[in-house]
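The values are calculated or read from the model by the stated rules, or taken from the named source; none is laboratory data. On a predicted model such as this, the values are computed, not experimentally measured, just so you know. Every residue, glycine among them, receives a Cβ derived from its backbone with ideal geometry; neighbour counts consider all protein chains shown. These accessible areas exclude ligands, DNA and RNA; they are computed on the full protein's heavy atoms, side chains included. Shrake-Rupley method; radii C 1.70, N 1.55, O 1.52, S 1.80 Å.
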Amino acid sequence: MRQRYLAVVIALLLPVMAVAQVWTEQTIDGDYPGARSVLPADVDGDGDIDVLGAAAFADSIVWWENVDGDGLNWTEHVIDSGNSGALSVFAIDMDNDNDMDIITSGRVDNQIVWWENLNGDGLTWVEHLVGENFVLAFSVIASDIDGDGDYDVVGASYETDDVYWWEDDNGDGLTWTVHVVDAEFGGAHSIYAIDVDGDTDIDIVGAGNLADEITWWENVDGIGLNWSEHTISIGFDGAHSVFATDVDGDGNIDVLAAASFGHMIKWWKNVDGSGLTWIENSIVEGFLGASSVYATDMDDDGDVDVLGSARIDNDVIWWENINGDGMSWEEHQVDMNFSSARDVCAADVDGDLDIDILGAAHDANDITWWEQQPSPIVVTMTPTSSVELPAEGGTLAFDVNVVSNVPATYPNARAWTKLKLPNGNFYPPVLFQMQLPLFPYMDVTGSLTQDIPSYAPDGEYEMWAWVGSSPFSGPSFGNYFPFSKSLITSAFDHIDNWNADGYFYPNGVAEDHTMPAVYQMEQAYPNPFNPNTAINLSLPHRAELMVVVYNVAGQQVAELANGLYEPGNHKLNFNASNLASGVYFVRATVTGKLDQVQKVMLVR
């Protein structure tokens, strides 16, 4: 398996500047035959994310312990060595004893069982039978279907076209009663349990691989004994995976699905929240062998993004929900060589507060996770003029902020802008280009302008800015903002050319962005002062910084800093216009790193 570490990635990345996100691949198990599903769960109750897997050709059910909590050291633990061919795995506290139990479906014995985590540490397991003669159960989950406060089990049988649920009769997981949801759901392949219609009970969503259908079953009576089938989509070729969440942020539960023969991922908007009216929306087409779909907030911007895998393309990709409404998606590649990628999901595997990705590759026999690293270069655009231009054209003004997360200098970087026209094509040639040396941990903002002539077509545009090695060797790290232009109704030319201008540095001279080596507060300047003086501080690493000012009586009179600051040189302003003349003391502290006091004098 490939092992990629951040230092190596950045070293290779800087000369070409070819991608906008860095993922470090870490192998959990590279010899898990026919790996089919993967699931994050805290199996041993130690507060970090462990991993469960199911494999069609493995001779055991196992979980991998995240030994140090950072995802770099894994220990395999066998749950059962006599149950071969598990197709699905699910984790939940079945017996309500505050530890994580496991549910599995077997391809060989055609049983659904749950495994009791006897001591809560994942080392001792007791098997309990849920259901028998349930052939090729490709999906098994647990939820409180009957609303009695305990967990029931739901399964989908590809061989017999069945969707069943098993009622936990006594709440202890020892006695089960089977109930039929649908006995004619062709090639029942994937299921998801959620309250689709907002009536506070649990419904079921399913993907029928042979029926080419996406369907949900309404839990009519709320206790799982009366079900009403509602079709979301028909002709969804090879419906393979289904997921449900609020994609567009309107408070209703929407549905997502992957089609393995149709090679696509789509989502359906639950128009009024009742689950009776759906609008189909495409996320990606031509995604060969689309096998899995998962949704979560990948980029921590407050909306739902989508993650998918493709068994023919061997791809793991996530799509950014650009505007949060599910109408515009931007593709981000994670791994394009994950052989027969069958399943993907997401969790914070290493405990660093961002979302990582887990995957199962059937042909590669791999259970893998990809660590999300900070983008080496972050580009942010902010319009400073109106983004609605009249028919005669106008001038766009905008700021471009460039942040380098790389601890090295890249002197030959360039910055450039281009326009995406209403027809979706980028307007050539490059509209603005300049050299932009990238210094370690640089954070710089430039003000740019772009003229839009009257003869430009009316419609919706995008203004893009990139930083990379060259605008003619492919896009690098970029961002954009949308704007519009009205239809021309006269021959008057307010703007008659596509001119662009601006600078990232005053007079084109780069500032010194060398990283400091020590924590330090420099002497205030000016000193004595009236009424303002500047306090300069150096932070070699990100740190919680506190800067306060005291008078000679030891009373605090001002607070200049209190929070998390990025590495670099920081200038703080002390405005003493409301204070009396005299001596004051400025104290800067970083716990365990810096505790420095200096005297300043205010002279009126």
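When the residues of the stretch 431-487 are filtered to those that are hydroxyl-bearing (Ser, Thr, Tyr), over 24 Å from the mean Cα position of the chain (by Cα) and assigned to a loop (DSSP other than H, G, I, E, B), the one that is surrounded by the most Cβ atoms within 10 Å (Cβ to Cβ) is SER454.
The set of residues in the stretch 49-70 being outside any strand (DSSP E or B), modelled with pLDDT under 95 and either closer than 27 Å to SER241 by Cβ or over 25 Å from the mean Cα position of the chain (by Cα) (or both) consists of ALA56, PHE57, ALA58, ASP59, SER60.
Rundown of residues vs (1) farther than 30 Å from GLY308 by Cβ; (2) more than 27 Å from the chain's Cα centre (by Cα); (3) not hydroxyl-bearing (Ser, Thr, Tyr), yes/no style:
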site	(1), (2), (3)
GLN373	no, no, yes
VAL387	yes, yes, yes
GLY394	yes, yes, yes
VAL402	yes, no, yes
ASN412	yes, yes, yes
TRP416	yes, yes, yes
PRO422	no, yes, yes
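For the stretch 292-320, give me the residue count where each residue is assigned to a strand (DSSP E or B) and within 22 Å of TYR192 (Cα to Cα).
The initial filter retains those residues of the stretch 292-320 that are assigned to a strand (DSSP E or B), namely 292-296, 305-310, 315-320.
From what is left, the residues that are within 22 Å of TYR192 (Cα to Cα) are 292-296, 305-310, 316-319.
Total satisfying the criteria: 15.
For the stretch 328-345, enumerate the residues that are hydrophobic (A, V, I, L, M, F, W, C) and either exposed (fewer than 13 other Cβ atoms within 10 Å of the Cβ) or touching a residue at least 60 places away in the same chain (Cβ under 8 Å) (or both). Hits for the stretch 328-345 are VAL334, MET336, VAL344, CYS345. Taking first residues from the stretch 177-193 that are under 21 Å from ASP343 (Cα atoms) and partners that are polar (S, T, N, Q) and surrounded by 15 or more Cβ atoms within 10 Å (Cβ to Cβ), the Cβ contacts under 6 Å between residues at least 6 apart in sequence or on separate chains come to GLY187/ASN209; ALA188/SER157; HIS189/ASN209; SER190/SER139; SER190/SER241; ILE191/SER139; ALA193/SER143. The set of residues from the stretch 401-417 being over 16 Å from GLY446 (Cα atoms) and either touching a Ser or Thr at 6+ places or on another chain (Cβ under 8 Å) or assigned to a strand (DSSP E or B) (or both) comprises ASN405, TYR410, ASN412. Taken as a whole, the condition of being more than 20 Å from ALA207 (Cβ to Cβ), hydrophobic (A, V, I, L, M, F, W, C), surrounded by fewer than 20 Cβ atoms within 10 Å (Cβ to Cβ) and out of contact with any Leu (no Cβ under 8 Å at 6 or more places or on another chain) applies to VAL178.
On the stretch given as the stretch 163-175, residues that are assigned to a loop (DSSP other than H, G, I, E, B), open to solvent by 40 Å² or more (accessible area, probe 1.4 Å) and in contact with a strand residue (DSSP E or B) (Cβ under 7 Å, 6 or more places away or on another chain) total 2.
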